[in-house]
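Student: Following this message is one structure expressed as structure tokens.
The values are calculated or read from the model by the stated rules, or taken from the named source; none is laboratory data. Quick caveat: nothing in here was measured; it's all calculated off a predicted structure. Cβ placement follows ideal geometry from the backbone for every residue including glycine, while neighbour counts extend to all protein chains displayed.
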Amino acid sequence: MKPEELISMMEKARADSSAFEHEIRVCTESGCMSLQSDTLLKALGDEVKTRGMTDKICVKGVGCMGLCCNGPLVQADTAMYQFAKPEHASAIVQGLSTQPVAELLCNTQQPFFTRQKLVVRENSGHVDPESLVDCIAHGAYQALLKALTTMTPHQVIQEISDSGLRGRGGAGFPTGLKWATVSKAGGSDKYVICNGDEGDPGAFMDRSVMEGDPHRVLEGMAIAAYAVGAENGVIYVRAEYPLAVKRLTKAINLARRHELIGHNIFGTKFSFNVELRLGAGAFVCGEETALIASVEGKRGVPRPRPPYPANSGLFGCPTLINNVETYANVAPIINKGAAWFAQIGTEKSKGTKIFALTGTVKNCGLIEVAMGMPLREIIYDIAGGVPNGKAFKAVQTGGPSGGCIPAELLDITVDYESLAKAGSIMGSGGMIVMDETSNMVDVARFFMEFCMTESCGKCVPCRVGTYEMHQLLNRICEKRGTPEDLQLLKDLCGMVKQTSLCGLGQSAPNPVLSTLRYFEHEYLDLVNQTQAAHADQSPAATGEHIELEVLP
Amino acid sequence: MRPATSTVESLTLQIDGKDISCRSGETILQVARDNNIDIPTLCFLEGLTVWGGCRLCMVEIAGSPKLHAACATTCAEGMVVSTASPRLKEYRKMIVEMLFAERNHVCAVCVSNGHCELQNMAVKLEIDHVRFPYRFPHLEVDNSHDAMRLDQNRCILCVRCVRVCGEIEGAHTKDVKGRGVLAAIIHDLDQPWGESETCTACGKCVNVCPTGALTHRGTAVGEMTKKAQFLPYLTLMREAKS
């Protein structure tokens, strides 16, 4: 595709869409699809057809609109409908020319919508992810065009560095620095990899980006490849996301057909090819060295670093690995400039972050907020607080690598440093809210079970340590734990954290450590209950005995 | 004319208070062992690629908050390494204790009793008991091969056998299945060893195994069979000669 063709294609698509009098957009991401939004989309299309209004009303499937718990969501001109079902199709179409359907209306003026700041998700809910034309109408590939035709790779890296963008996969490594390292690495063959192996319990931000705006991810990768000097890209998606795989496959095929990826993009010397690789269901493959091993066709286990992938990654070549959300931030930065991006967020954490709100809150779903928003505002204003008159107890951020933040720390802001200081991490963006009925020891046990079953088994501390910690947490939860068990658990936490090979093991004790830090009394309560129950019984009667093993 | 200087530089560093010089690119483990400083290892074996799985060789490097695996960390100029702090000793003990708790290591009836690297490691680290509850898993013994045997009960998953099979013998018969504590050594596509079509029966895996998990057949208790049948035959032959 030539640069002029992209512009004319955009203008034509915009003219075509403004020819419609009305537009109905139906969320067709996994959440709403599970509530038959695809049937609803078809019903709306049929309804428009039977009324003979196909030239006046545009009906399309779009990405996530955020309020997943009230799905399926439908946007019909200015009205947003919630809990829409196929039988409402006629009323919704009728409502376009008369009054909106009152009983389905969703208030878009509530804080859930007004407090958000959309950068990555600006097109989600507006574009049809399966239509390249629609994406181009909304500005897709403009940033790639700008980067390829008006900027040098060095300028692109400088722009990303100046924006202050940090990796959205969890650790928050400065993206510009990572790109610069890969661009300086020697060797002619380089790779860019997009990490879409989102596996934290309760997290679905990356899925939504891949399902709702796949071209934005491709565009970000292409710009990154241009910046670091790579010609090949790999998108690694977990096979548990079939819809994301389908949409990405379609996006890659369409972009390839229109020569937006391939040889000599926009008539420049830059060539870029992308292939999709599916994970086989291992959480540890989100770790970069394990991911690379998996792409190479090997068993997905991490290896010691250095060498870092930036020097020796996929097939031994310098490799840039970024998270889906990181790549999705690239196009807006190139389009609007580093200065624009840098004014969003805090001093050290720039831009926005998508969070997946789950647990006991009124509004579950996806939100994108500027970094630096206080947790209290997210949980009470945006998420609407804890329902059923229950009291808020803690919020778990960062998945199994993160920690639980108690009510008294709700005024901290969400940015990499504050969350780390509170004993948790930003992580990929899962936010699980728990009310007073949750037992924190049980929460720690849940995450430890997750880490235990997802440990790859390569290093001893993670393989056996997570198992032993899970056993100890089981004993404590079942009121069989002793103070010695609690001490052993603490010792194990330190050892596993310090000696494990990769991030999975190093962070596996975090849920225990953070609950011990803020909710130690719950552990002590359970242990004391064991003591009390056994106080009036002889050790033999309780069935508890100490096993002594003698080594030869 | 002298040739251009080679890319190998010499470095100086300090390990356990001792000033040491080494070549760039050498790992802390290599340099320490060259200088008679003992860093314990189980998965490391000279001649195989570095695995970094046992985590016994973790050392402290001044200025770094993290611990580093000596087998996988290359030396740098001015590095100050500590290999035997009380914390490291404690962690090593815990790791070896966890290995004992993980599977069924019963030294008294093991063919490797007395010359087992795991057992020796426990003695070296002064382990006198195991603080963790034992798992006592039910594990299989693969007795299907004519010449060798795999006893999963005694395996510590150091994967020396997998590495030697792939890297040195080039057969790649052995690999690992499963995750976490359920991970286990397999042959080909998890077939009985005796049915493997890729195994060359070279026996390298047996010789690199640190424990009694891989053994030659005929070495376990009760396996010594006598073959007295030779005698009548021999007598017969001698009589025929005379």
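Student: Could you please let me know if B:R92 is touching a Cys at 6+ places or on another chain (Cβ under 8 Å) and more than 7 Å from chain A (Cβ to nearest Cβ)? Give the steps one after another, and end with the answer.
Tutor: Numbers: touching a Cys at 6+ places or on another chain (Cβ under 8 Å): no; more than 7 Å from chain A (Cβ to nearest Cβ): yes.
In short, no.
Student: Right, another one. For A:R25, all conditions in the list (1) closer than 16 Å to A:C64 by Cβ; (2) assigned to a helix (DSSP H, G or I) hold save one; what is the number of the exception?
Tutor: Only one criterion in (1) closer than 16 Å to A:C64 by Cβ; (2) assigned to a helix (DSSP H, G or I) is unmet by A:R25, namely (2).
Conditions tested, residue by residue: (1) more than 17 Å from B:R154 (Cα to Cα); (2) buried (at least 22 other Cβ atoms within 10 Å of the Cβ).
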site: B:A70; (1), (2): yes, yes
site: B:C75; (1), (2): yes, yes
site: B:V81; (1), (2): yes, yes
site: B:A84; (1), (2): yes, no
site: B:A101; (1), (2): no, no
site: B:G114; (1), (2): no, no
site: B:E117; (1), (2): no, no
site: B:K124; (1), (2): yes, no
site: B:D128; (1), (2): yes, no
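Student: Can you pull out the residues in segment A:413-444 that are under 23 Å from the mean Cα position of the chain (by Cα), touching a residue at least 24 places away in the same chain (Cβ under 8 Å) and either surrounded by fewer than 17 Cβ atoms within 10 Å (Cβ to Cβ) or part of a helix (DSSP H, G or I) (or both)?
Tutor: Hits for segment A:413-444 are A:Y416, A:E417, A:V443, A:A444.
Student: Based on this model, can you work out whether A:P307 counts as buried (at least 21 other Cβ atoms within 10 Å of the Cβ), in the same structural domain as A:E231 (by TED's automatic domain parsing) and on the phi < 0 side of the Ramachandran plot?
Tutor: The answer is no for A:P307.
Student: Which residue out of A:T453, A:T530 is among the β-branched types (V, I, T), in a helix (DSSP H, G or I) and within 12 Å of another protein chain (Cβ to nearest Cβ)?
Tutor: Values: A:T530 fails: within 12 Å of another protein chain (Cβ to nearest Cβ).
Criteria check complete, one pass: A:T453.
Student: Being of a type in the set (K, R) and not in a helix (DSSP H, G or I) is the filter; apply it to segment A:240-277 and report the residue that is surrounded by the most Cβ atoms within 10 Å (Cβ to Cβ). Break it down into steps so the answer makes sense when it comes.
Tutor: Quick first cut of segment A:240-277, residues of a type in the set (K, R) only: A:246-247, A:250, A:256-257, A:269, A:277.
Okay, now just the ones that are also not in a helix (DSSP H, G or I), so A:269, A:277.
On the way: A:K269: 8, A:R277: 18.
So the residue we want is A:R277.
Student: Name the residues in segment B:105-149 that are facing another protein chain (nearest Cβ under 10 Å), more than 19 Å from B:I39 (Cα to Cα) and among the polar types (S, T, N, Q), would you?
Tutor: Matches in segment B:105-149: B:N113 only.
Student: Now for a separate question. Give just the number: which of (1) within 17 Å of the chain's Cα centre (by Cα); (2) within 11 Å of chain A (Cβ to nearest Cβ); (3) not aliphatic (A, V, I, L, M) does B:R87 not satisfy?
Tutor: Of (1) within 17 Å of the chain's Cα centre (by Cα); (2) within 11 Å of chain A (Cβ to nearest Cβ); (3) not aliphatic (A, V, I, L, M), only one is false for B:R87: (1).
Student: Then there is this: Check A:T108, A:T39, A:T54 and return the single one that is touching a residue at least 12 places away in the same chain (Cβ under 8 Å), in a loop (DSSP other than H, G, I, E, B), more than 30 Å from A:G167 (Cα to Cα) and polar (S, T, N, Q). Even if it seems obvious, please write down each step before you answer.
Tutor: Numbers: A:T39 fails: in a loop (DSSP other than H, G, I, E, B); A:T54 fails: touching a residue at least 12 places away in the same chain (Cβ under 8 Å).
Answer to the selection: A:T108.
Student: Next up: It is to be established whether one or more residues within segment B:37-58 are away from chain A (no Cβ under 14 Å), in a helix (DSSP H, G or I) and either crowded, with 18+ Cβ neighbours inside 10 Å or free of Cβ contacts under 8 Å to residues at least 40 places away in the same chain (or both).
Tutor: Within segment B:37-58 (the criterion being away from chain A (no Cβ under 14 Å), in a helix (DSSP H, G or I) and either crowded, with 18+ Cβ neighbours inside 10 Å or free of Cβ contacts under 8 Å to residues at least 40 places away in the same chain (or both)), the answer is no, since none of the residues qualifies.
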